[in-house]
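Take a look at the structure set out below.
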Amino acid sequence: MEYGYFDDRCREYVITNPRTPVKWINYVGTLGFGGLVDHTGGALICAGDPALNRITRYLALLPASEFKGQTLYLRIHKGGGYRVFSPFFVPTLDPYDRFECHVGLGYMRIVSELYGLRTDVTLFVPPGEPRLLQDIRITNIARQPVQVDAVPVVEYTHPDALKQITNADWVPQTMQSKAYAEAHGLLVVAQYPFMLRDVRINYFTSNRPVSSFETDRRRFLGDNEYGTWACPLGLQAAELSSYEALRGDNIAALLHHLGTLAPGEARRLVTQLGQAPSLDAARAGIAAYRDEARVDQALAELAASWERYLSCLQAETPDPAMDRMLNIHNPRQCHTTFHWSRYLSLYQTGYGERGIGFRDSAQDVMGVVASLPEEARRLLQQLLGVQSASGAAMHQFNPLTMEASVGDAAERPDLPQYYSDDHLWIVLAVCAYLKETGDLAFLDQVVPYHERGRDGRPLAIGSVRHHLEAAVEFTRGDVGAHGLPLLGFADWNDTVNLRAGAESLFTAHLYGRALLELADLLRHLGDAGAASKYLAWHDEMKARVNACAWDGAWYVRYFDADGTPLGSRTNAQGQIYANAQSWAVLSGFATPERARLAMDSLYERLNTPCGIKLSTPGFNGFDPARGGITTYPPGAKENGGIFLHANPWAIIAEALLGNGDRAYAYYCQVNPAAKNDRIDTFECEPYVYPQNILGDEHPQFGLARNSWLTGTASWAYQAATQYILGLQPTYAGLRIDPCLPAAWDGFRVRRQFRGAVYEIEVANPQHISYGVVRMRVDGHPVQGNVVPAFGDGAAHHVEVTMGHPA
Ligand code: NOJ
């Protein structure tokens, strides 16, 4: 069963059957104003923070057929009554002749045909604007004239999203709506909780006369809400009651009589759902976006901004499914994770429990440093601001209040209250930013540490370089019995929560990688002394890891507080962990022989046709001494599931070892764009990476969940572009060091880098995986494989030949 197809020319995925196994969504706008829109037109919109300033009431936990946040009803006048239906399929579920949801770059376009009407609706947020537009075109495709009404509806939530759920006493007493009639029959309906009336309002309006409106859900649904969203009784009357809600469940429904449409005749209606400090402050923007030409222009600007974003790298490889991901869907997902961290999706529901994750966003930054360098720098600064003066970092923070917390660790006060990996990611992220942009001045920028005095002022400040050094110093000093980093509450794997005193090999490896990055940076800055100090620290940890963590055919993953290993052949469950092998390569700690053996063990014991499992075998029963991992049945999530975030690390490790065939095979087996024909097993959107897929210990092996907001996006993009295609930003320029499947003849890439455009052609005449023998830039031979950063705004032609050295 297929639910749609990829349209690469339009850079869309087109859903043709709305009964997808779970809701498939897209994002509009940014965290500043925006949210998610599902393929049946439901929308969860917020401004700045989905927990503290949520606008629409989208309850993901309701069944797929239910109204969520907003919809559009059409009404055909028939005899003395009406036929009422939604062109979005949900919530009326009418049989349609045609349904298409075009999942585009920053927009959803739903086209449907039923009862002789074609409706074509594009939902999007114009770049930088605090408004969701709905550009609605309705055409009579029947042979007879038809009289049509259009009723767009939104349902509001209290801005404090959790209070809406938990306090059914206070919330309904405060929610209010007020209508403002304007010239030519136009209408704006404002909505606010009473306490915000004078400082912040939501509004819903359109560019056509409104004959009546409804703001009270009970009246709209009718019969004391025994009327339903599928059949709202309010729409059976000629007009809505035009009642201004003084309390209760607030909606905004605007009834537009579009008149009689002759066969072939069309009408256009544009709605705006926005937020502003006051109606007066909103008026100019409202007027501007009532103009259909301005709406067209906004959509063109949106397309242009995505064109700019994507033009940073466009590839042409022998694999169309890889091109599709690299050129469209993977960078779009990186854009999404960068803007939303792990805050708002159908799985992370944005009620305040997450916010911006320190480690998550640091990794997300790495996926957009090339395409959004200024935004990346701003987010890096924010992250550095929640790093402690000790060098460790807070786990997450709220983007509006900047209030930071220790995350889930707070639920286990018996365990250490920090994550041992968080702060180390910032070293990788800042170095990625510097190598991409060459903006070395950033290192001198002074950023306060997280701690504040009673007066709210920072207790300590330091340059960005100081922050990075503090990060590795913290880990160097925070070690356990084997001299390995202490686990803290957890490392990257949130769910293994061992007793205080446990040690983490993941954190050891991440520390190793951070030290290599720092040493590389300091060498470039000419500080050979500092570089060799960090390399000595690297050697020191490498020796400790190799002395105690080699298990015979792979590296162990943890040592518990009593010194027993986890991720060892001696364990009944959790015998081998993927990250302990891949990161031993990424850190440079594994010796060449051990690296190969470890990665082969990963392949033999953890690889499946649906991706690499995080560990095996899964734990089978809750065990508080192991922690969160044992809350899952075997095969689910971190407990033996295919945790996709960790798959690109295996791709990178194989590429670093020169094994292009395996790196590429690992890439292909998790490429969602290749799952379209297996979608009834996979279930999630085929145009984004999910966070997890059930592993082969689970009866539903292959089932994906938690799509969109996952570190997989950034790392899959890095793995493919920097390690398979091998385009690696370095301080000196763009290194080209591919690791390809031997069957490939080569590939082409157009890559923007530090103010110049590189048209790169890689030829692989000997069909090898690894090794550049020749490079020509603009026709001239160049020594080595690093293209200089020309920064001249011009296009340069780079010819790269792979081959065995003569
Ligand atoms: C999802 C979390 O967002 C991420 O921070 C964590 O590393 C992974 N789960 C693995 O536990």
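Values computed for the structure shown
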{"read-out": "Matching option when the condition is touching a residue at least 60 places away in the same chain (Cβ under 8 Å), open to solvent by 10 Å² or more (accessible area, probe 1.4 Å) and out of contact with any helix residue (DSSP H, G or I) (no Cβ under 6 Å at 6 or more places or on another chain), among 69, 41, 35, 29", "value": "29"}
{"read-out": "Filter result (in a loop (DSSP other than H, G, I, E, B) and within 17 Å of residue 43 (Cβ to Cβ)) within region 327-346", "value": "343, 345, 346"}
{"read-out": "Residue match in region 682-699 (condition: within 15 Å of the ligand (Cβ to nearest atom), closer than 23 Å to residue 513 by Cβ and touching a residue at least 24 places away in the same chain (Cβ under 8 Å))", "value": "yes"}
{"read-out": "Cβ pairs under 6 Å, 6+ apart, first in region 489-500 and of a type in the set (Val, Ile, Thr), second near the ligand (Cβ under 6 Å from one of its atoms)", "value": "495/638"}
{"read-out": "Enumeration of residues in region 620-637 that are open to solvent by 10 Å² or more (accessible area, probe 1.4 Å), of a type outside the set (Phe, Trp, Tyr) and within 12 Å of the ligand (Cβ to nearest atom)", "value": "628, 637"}
{"read-out": "Filter result for residue 245 (at pLDDT 95 or above, assigned to a loop (DSSP other than H, G, I, E, B) and touching an Asp or Glu at 6+ places or on another chain (Cβ under 7 Å))", "value": "yes"}
{"read-out": "Long-range neighbours under 6 Å by Cβ, at least six apart or interchain, first residue in contact (Cβ under 8 Å) with a residue 12 or more places away in the chain and under 18 Å from residue 498 (Cα atoms) within region 617-642, second among the charged types (D, E, K, R) and part of a loop (DSSP other than H, G, I, E, B)", "value": "618/697; 629/638; 640/613; 640/697"}
{"read-out": "Region 360-400, residues that are touching a Gly at 6+ places or on another chain (Cβ under 8 Å) and assigned to a helix (DSSP H, G or I)", "value": "360, 363, 364"}
{"read-out": "Count of residues meeting criterion [open to solvent by less than 10 Å² (accessible area, probe 1.4 Å) and outside any loop (DSSP other than H, G, I, E, B)] in region 77-99", "value": "2"}
{"read-out": "Sole residue being open to solvent by 10 Å² or more (accessible area, probe 1.4 Å) and either under 22 Å from residue 342 (Cα atoms) or within 16 Å of the ligand (Cβ to nearest atom) (or both), chosen from 662, 705", "value": "705"}
{"read-out": "Sole residue being over 23 Å from residue 14 (Cβ atoms), more than 19 Å from the chain's Cα centre (by Cα) and acidic (Asp, Glu), chosen from 249, 296", "value": "249"}
{"read-out": "Out of 430, 447, sole residue that is in contact with a His (Cβ under 9 Å, 6 or more places away or on another chain), free of Cβ contacts under 8 Å to residues at least 60 places away in the same chain and not in a loop (DSSP other than H, G, I, E, B)", "value": "430"}
{"read-out": "Lone qualifier among 517, 473, 469 - being in contact (Cβ under 8 Å) with a residue 40 or more places away in the chain, more than 16 Å from the ligand (Cβ to nearest atom) and open to solvent by less than 30 Å² (accessible area, probe 1.4 Å)", "value": "517"}
{"read-out": "Filter pass, residue 726 being within 16 Å of the ligand (Cβ to nearest atom), surrounded by 23 or more Cβ atoms within 10 Å (Cβ to Cβ) and not β-branched (Val, Ile, Thr)", "value": "no"}
{"read-out": "Condition check for residue 114: surrounded by 17 or more Cβ atoms within 10 Å (Cβ to Cβ), more than 27 Å from residue 274 (Cβ to Cβ) and modelled with pLDDT of 95 or more", "value": "yes"}
{"read-out": "Test: residue 460 is of a type in the set (A, V, I, L, M) and either within 16 Å of the ligand (Cβ to nearest atom) or surrounded by 22 or more Cβ atoms within 10 Å (Cβ to Cβ) (or both)", "value": "no"}
{"read-out": "Strands (runs of 3 or more DSSP E) enclosed by region 678-783 - at least 1 residues per element that are at negative phi and small (Gly, Ala, Ser)", "value": "704-707, 756-763"}
{"read-out": "Number of the condition not met by residue 290 [criteria: (1) assigned to a loop (DSSP other than H, G, I, E, B); (2) among the charged types (D, E, K, R); (3) under 21 Å from residue 35 (Cα atoms)]", "value": "(3)"}
{"read-out": "Residues (in contact (Cβ under 8 Å) with a residue 12 or more places away in the chain and either of a type in the set (Asp, Glu) or surrounded by fewer than 13 Cβ atoms within 10 Å (Cβ to Cβ) (or both)) located in region 280-307", "value": "291, 292, 301"}
{"read-out": "Positions within region 201-234 being assigned to a strand (DSSP E or B) and β-branched (Val, Ile, Thr), in sequence order", "value": "201, 205, 215"}
{"read-out": "Flag if residue 198 is open to solvent by 70 Å² or more (accessible area, probe 1.4 Å) and either among the acidic types (Asp, Glu) or assigned to a loop (DSSP other than H, G, I, E, B) (or both)", "value": "yes"}
{"read-out": "Subset of region 372-416 that is polar (S, T, N, Q) and touching a strand residue (DSSP E or B) at 6+ places or on another chain (Cβ under 8 Å) - its residue that is least open to solvent (accessible area, probe 1.4 Å)", "value": "387"}
{"read-out": "Conditions (1) touching a Ser or Thr at 6+ places or on another chain (Cβ under 7 Å); (2) over 30 Å from residue 700 (Cα atoms); number of the one not met by residue 606", "value": "(2)"}
{"read-out": "Single unsatisfied condition, residue 355 versus (1) touching a Pro at 6+ places or on another chain (Cβ under 9 Å); (2) away from the ligand (no atom under 15 Å from the Cβ)", "value": "(2)"}
{"read-out": "Residue match in region 434-450 (condition: farther than 25 Å from residue 366 by Cα, surrounded by 19 or more Cβ atoms within 10 Å (Cβ to Cβ) and not hydrophobic (A, V, I, L, M, F, W, C))", "value": "no"}
{"read-out": "Residues of region 217-247 that turn out to be closer than 25 Å to residue 281 by Cα and of a type in the set (Asp, Glu), as a count", "value": "1"}
{"read-out": "Members of region 477-514 that are surrounded by fewer than 23 Cβ atoms within 10 Å (Cβ to Cβ), within 16 Å of the ligand (Cβ to nearest atom) and part of a helix (DSSP H, G or I)", "value": "513"}
{"read-out": "So residue 719, is it small (Gly, Ala, Ser) and either within 28 Å of the chain's Cα centre (by Cα) or closer than 19 Å to residue 784 by Cα (or both)", "value": "yes"}
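Yes or no, residue by residue, for (1) of a type outside the set (Gly, Ala, Ser); (2) open to solvent by 10 Å² or more (accessible area, probe 1.4 Å):
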site	(1), (2)
157	yes, no
161	no, no
176	yes, yes
190	no, no
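The values are calculated or read from the model by the stated rules, or taken from the named source; none is laboratory data. These numbers were taken from a predicted model, which means no experiment stands behind them. All Cβ positions, even for glycine, are placed from backbone atoms using ideal geometry, and neighbour counts span all protein chains on display. We work out accessible area using only protein heavy atoms, side chains counted, and drop any ligands, DNA or RNA first. Shrake-Rupley method; radii C 1.70, N 1.55, O 1.52, S 1.80 Å.
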